[in-house]
Amino acid sequence: MFRRNSTLICFALLLLFAAVATAQNIEADQQAYCAYLTEQAKAQSDFLRSPDALAGFTQPETGLPTQMVIGASLSLANLKKAGITLDAARKNCALYKASTDVQLFIQYALPSMEKDALAHRLDLIGEASQSLEALIDKTSKMVEAQNMTRPMLLSMLTSRIKLDSDRADTQSKIAALYVPPLTDQPLKLQVAAKQASDIDEQKALARLSRQNNWDVALNVGTHQQVNPLSQGLGPYGEVSVSYNLASRAIDRHLDRSVDGYANWKKVQESDVTRGMEVLRDQVQRAIVVQQSRLKVLEQEIQEINKNLKLVGDADTSAALDFRNQLTSTQLLLGIETGDATYRISHLQDFFARNF
């Protein structure tokens with residue numbers, strides 16, 4: 001018994017260490033992606049904020065001397081774009097975090113519940129093993145007192161082998177299931193937050209595109225006559241304003257594109273909204289399956305209890321043997337009914353909380 005408990009403790013510790021390492025990997029993935037986005041956005045923002053240096057030769061009009069021009073040009077539209085670029089990167093980062101969290105939840109919700117159910121099954125097996133060991137101990141004493149024969153002990157030893165095999169199989173299934181740490185937030189709220197992040201990101205990109213509709217450019221510098229070469233430099237300044245005459249139509253299309261993107265995400269087969277609907281159907285079907293399973297098991301238990309009542313007061317060796325067999329079977333059925341009951345309750349709670 002001590003060795004068995006030590007094995008369970010080591011098994012639980014390994015699962016705990018794996019969960020912690022997985023949580024760190026997910027967080028590191030999100031941080032690395034956001035760091036990449038931030039640096040890209042900062043580079044673009046610096047580019048947009050910085051004035052452009054100008055140098056060249058020009059001839060204002062035919063017959064006038066050629067002039068050399070040196071100066072700088074600054075775009076007000078680019079200055080506006082710089083801030084919006086950083087905001088779009090932040091929105092993209094928030095969208096990535098929301099998307100990965102909800103995608104992981106949808107992908108691993110059923111395996112997570114299965115892992116919980118298997119852990120609960122281990123507890124049921126442990127309780128049944130204790131009851132069976134007590135029954136085996138009692139029967140062994142009766143065998144020593146020659147009140148029962150050794151073959152009568154065989155069925156309970158067979159049940160113990162089944163329990164040990166069930167325990168090992170359950171532990172193997174738990175070890176084979178990979179489940180990262182999942183958020184406690186209901187799925188419907190996660191999906192709503194992800195949809196809001198989708199729209200926020202698209203709005204930021206639309207704002208960035210709108211800055212192409214206009215510009216106010218400021219050019220300053222110096223000029224000098226080249227041929228013939230003049231003695232001094234002369235300052236110059238220029239302000240130019242541009243405006244796209246289709247701006248209003250462009251803005252309308254950009255607004256519609258945001259709405260169109262949101263509508264597309266609601267029906268996209270690979271997106272989280274569709275994934276939530278698929279998960280809802282899977283949970284509902286799983287509840288029906290477990291309810292049917294429990295109904296059959298309860299019928300079997302009723303039959304066992306009926307037979308136990310028939311041999312309840314009998315004290316013959318045959319009656320005692322039959323009662324022990326019934327009790328062993330009752331313990332095994334108790335694991336299955338407890339497992340089915342837990343699964344139904346767990347699935348129903350999950351459904352009520354997340355949909």
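What follows draws every value from the coordinates through simple rules; no lab data is involved. If you're wondering where the values come from, they're calculated on a predicted model, not measured in any experiment. Positions of Cβ are generated from backbone atoms using ideal geometry, with glycine treated the same way; all protein chains shown enter the neighbour counts.
Debye-formula intensities of segment 240-290, expressed as log10 I(q)/I(0) at q = 0.16, 0.21, 0.31 Å⁻¹, are -0.65, -0.79, -1.03 (one equal scatterer per alpha-carbon, no solvent).
Size check on the chain: the Cα extents along the three principal axes, sorted descending, read 131, 41, 22 Å. Rounded to the nearest Hz, the phi-derived 3J(HN,Hα) couplings of segment 101-111 under the Karplus curve 6.51 cos²θ - 1.76 cosθ + 1.60 (θ = phi - 60°) are 5, 6, 5, 5, 4, 5, 5, 10, 5, 5, x, where x marks glycine and proline. If R0 is taken as 41 Å, the Cβ-Cβ distance between residue 250 and residue 292 corresponds to a FRET efficiency of 0.10.
For the chain, a crude dipole built from +1 on the beta carbon of Lys and Arg and -1 on the beta carbon of Asp and Glu, taken about the Cα centre, is about 280 debye to the nearest 20. Over segment 250-355, all Cα pairs binned in 5 Å intervals from 0 give whole-percent P(r) values of 2, 10, 13, 11, 10, 9, 8, 7, 6, 5, 4, 4, 3, 2, 2, 1, 1, 1, 0, listed from short to long. Couplings 3J(HN,Hα) for segment 174-189, derived from phi with the Karplus relation 6.51 cos²θ - 1.76 cosθ + 1.60 (θ = phi - 60°), are 4, 5, 7, 8, 9, 9, x, x, 10, 5, 7, 5, x, 4, 4, 6 Hz, where x marks Gly and Pro.
Near the amide H of residue 226, within less than 5 Å, lie the amide hydrogens of 66, 67, 68, all on another chain or at least 5 residues away, with H placed in the peptide plane.
Lys-Lys pairs in segment 31-183 that are eight or more residues apart or on separate chains and whose Cα atoms lie under 16 Å of each other come to 5. Our analysis of segment 74-118 gives Rg over Rh at 1.46, with the two radii drawn from alpha carbon positions and Rh computed by the Kirkwood formula.
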